[in-house]
1. I need the phi-derived Karplus couplings for region 13-23: 6.51 cos²θ - 1.76 cosθ + 1.60, θ = phi - 60°, integer Hz, Gly and Pro marked x.
2. Only helical DSSP H runs with n ≥ 4 go in: add -39500 (n - 2.57) per run for the chain, normalise by residue count and round the 222 nm mean residue ellipticity to 500 deg cm²/dmol.
3. Helix 69-78 versus the longest principal axis of the chain: what angle, 0 to 90°, nearest 10, using Cα atoms?
4. Which semi-axes, in whole Å and largest first, does the equivalent ellipsoid of the chain have when worked out from the alpha carbon gyration tensor as the square roots of 5 times its eigenvalues?
5. What per residue convex hull volume, in Å³, comes out for region 33-79 when only alpha-carbon positions are used?
6. If the only charges are +1 at each Lys and Arg Cβ and -1 at each Asp and Glu Cβ, what is the size of the charge dipole of the chain around the Cα centre, to the nearest 20 debye?
Amino acid sequence: METFEKITIRCFVIAMVLMLIWFFVFLVFGDCMYKIHSKSFALSKHEFVVVHYCGLMFTKIYIFLFFLVPYLACKLCRK
């Protein structure tokens, strides 16, 4: 049980770091990313931003659902 807790909390931290990197890259290089993607896909700037924010939102939900919730459940079961 302790091993599973360690694995899930490490996965949670790593996933959150990767999501934060995605967010900061999007903030800093968003215009450059838009120029690259707009050549391949017919997206407006608004659609491009919505796609990334929805992606970030779903990623955060899945990180919490698959890593943090099992970690907390294991912690509560041990007590």
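1. Each residue's phi maps through the Karplus curve to give 5, 4, 5, 5, 4, 4, 5, 5, 4, 4, 4 Hz.
2. -30000 deg cm²/dmol
3. 10 degrees
4. Working: eigenvalues 247, 26, 12 Å².
Sorted largest first and rounded, they come to 35, 11, 8 Å.
5. 65 Å³
6. Numbers: 9 positive and 4 negative charges, 36 e Å.
Magnitude of the dipole: close to 180 debye.
All of the numbers you see were taken from the coordinates with simple rules; none came from a lab. Predicted model, so just to flag it, every value in this text is computed and none were measured. Because the Cβ atoms are built from the backbone with ideal geometry, glycine has one as well, and the counts that use them run over all protein chains shown.
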